[in-house]
Amino acid sequence: SSAAATAVTLADEGKKVLLLSTDPASNLQDIFGQGISFEKKEIPEVPGLTVVNLDPLKSAERYKEAVVGPYRGKLPESLIRNMEEQLSGSCTVEVAAFNEFAGFLADEESLSVYDHVVFDTAPTGHTLRMLELPAAWTSFLDSNKSGASCLGQLSGLSENRKTYEKALKHLGDGAMTRIVLVSRAQKSPLLEADRASHELSELGITNTILLINGMVMERRGDDAMLLEMARKEREALEAMPEKLRGVETYSLPLRPYTIDSIGNIRAMLVSEEGTRDGETLDAVSLKPLKDLADRIRESGVKVLFTMGKGGVGKTTIASALAHNLADSGMRVHLTSTDPASHLDENPSGRKNLVISTIDEDVELAAYREEVLSRAGDISKEDRDYIEEDLRSPCTQEIALFRKFAKIVKGSDEDIVIIDTAPTGHTLLLLDSTESYHKEVQRSSGIIPDEVRELLPRLRNPLETQVIIVTLPEPTPFFEAERLAEDLGRAGIKVSSWVLNQSMLLNQPEEPFLKAKGESEKKWINEVSRLTGGDFHIVPWMKEDLKDEGLLRLFQEERI
């Protein structure tokens, strides 16, 4: 929303603007209300604005063909198929998406056509991975002597070496580039922004700005809910990490309308007045979260995923379910696949609950040690070859995938609850399940049972359930709808939907909050239509949702 509003505002001022999404689960087509692909599209309603969606899967296909195409008709078909297989893994998807991202960032001739280029990036963890890739690949290409590591994926990279170096230079050039960290005045998003700022500075990127969106603090009035929202914002800002306080900061007020049209995009930066829907609520029964916890207990399921857009409360819902199920006597393991996870340890010391996070460095070191130990007594030349292979960024993906597969396989607990990364990153991980074993076999020669069994386990509703968490707002809804479709194509059925942070359920009387609540009706109706009325809804809560406060989400009353 912030990227689109910035791009439209600049275009309305007479600037020539390119708005480009690098998010695997891009929403630009939703808020502009028209099809947007990887081809540049001018927006007729906004003269001067051109929009592009970088689709990582399509990027991978184009990248694969660029590598294989020159050899078609010149090499035997068996070798062509082998090349295509080497290019079938998720590492190729990451490399290809990065390849196009770097191409846009480094193309000075293309950049000169526009006054401003606005990159709308994926949520934090996936974006940091993208921004780290220029340094990772440049470093790897420096040390790669045999040229064999991650051969298929790397084969198209070396010739673009100067492009990656230029992209990294442009990222860190404060006269050319600004990195805008968009957050909310809430503890977890601010901690995530702080981690992002720290990791960016380690890459030499210090030209950052902090934008705090959806603020209510400056709104006048004595409404109890409004005052409580402002109090929570003040407390979060007062507790903001010291380093983040030194970042140039701006804010945007909470708007009473949804950002679902070009008119409302235009209004976002400047006006309270936007177009509002006048819908009535069609959903007959709005089920509380307690019903979902009861259903999970009765199902006997072993693995539970929470999935959805970044910032919708997946971690909160996953943590709340973990606490509730643990209190009912189940042994629960709560963990995360999010590179920017903010799961806390178990400060309450709750019985039956184990909380863990995946440490990328630890998993990478363990995987490297395992591969080298299996190599046994080999020549120095062969060992150097393997060690070089293990320095490739592809290896990190394999190590994390192996850990993901082990988590899904489970441990001694009755249920494993996995708080996933935001949608795009999660879909890339799930898309990996049928192809990653090829990469694992290539690098280590062994396909572990947990990798071989992963996809059947994910597809078995008696073992695995997927909960989609979303908000009663357009962008989270559309992303959730596409996520459900993508999972369906992979043979994975969504078992439950949770609509989080509903202002409407609080039945506010204050005009601004009432308008905000009324704007939710359309999206509650959409979720009801999509699920046949079988969804769960959670109100906006004034309590701090951690430890015991999480259990307030399971209040008994029917809505």
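No value in this document is a laboratory result; all are computed from the given coordinates. This one's a predicted model, so the numbers in the text were calculated from it and none came from an experiment. Glycine also receives a Cβ, built like all others from the backbone with ideal geometry; neighbour counts cover every protein chain displayed.
Which lysines, on any chain, are close to K16 with Cα under 25 Å apart, when same-chain ones fewer than 8 places away are left out? The reachable lysines, counting only those whose Cα sits under 25 Å from K16, are K40, K41, K166, K169. Both numbers refer to the Cα atoms of region 27-79; Rg and Dmax are 17.0, 51 Å. Packing around the peptides 454-460, 259-265, 355-361, taken as the average count of other Cβ atoms within 10 Å per residue, puts them in this order, highest first: 259-265, 454-460, 355-361. Of all lysines in the structure, those lying under 26 Å Cα to Cα from K302, and not within fewer than 8 positions of it along the same chain, are K287, K290, K314, K351, K403, K406, K409, K493, K546. With a simple spin-label model that places each label point 7 Å from the Cα along the Cα-to-Cβ direction, the separation between E65 and T275 comes to 3.6 nm. Put the Cα centre of region 242-281 next to the Cα centre of region 58-83 and the gap is 46 Å. Taking θ as phi - 60° and the Karplus parameters 6.51, -1.76 and 1.60, the scalar couplings of region 289-300 work out to 5, 4, 4, 5, 4, 4, 5, 5, 4, 6, 6, x Hz in sequence order, x denoting glycine and proline. Between G310 and T423, the built amide H atoms are under 5 Å apart, and every one of these is 5 or more places off in sequence or on another chain. Altogether, the Stokes-Einstein calculation at 10 °C and 1.306 mPa s, with the Kirkwood radius of region 236-305 over Cα pairs as Rh, returns a diffusion coefficient of 91 µm²/s.
Applied to region 498-512, the Karplus parametrisation 6.51 cos²θ - 1.76 cosθ + 1.60 on θ = phi - 60° returns per-residue 3J(HN,Hα) values of 10, 8, 9, 6, 7, 6, 4, 5, 7, 6, x, 9, 4, x, 5 Hz, with x for Gly and Pro.
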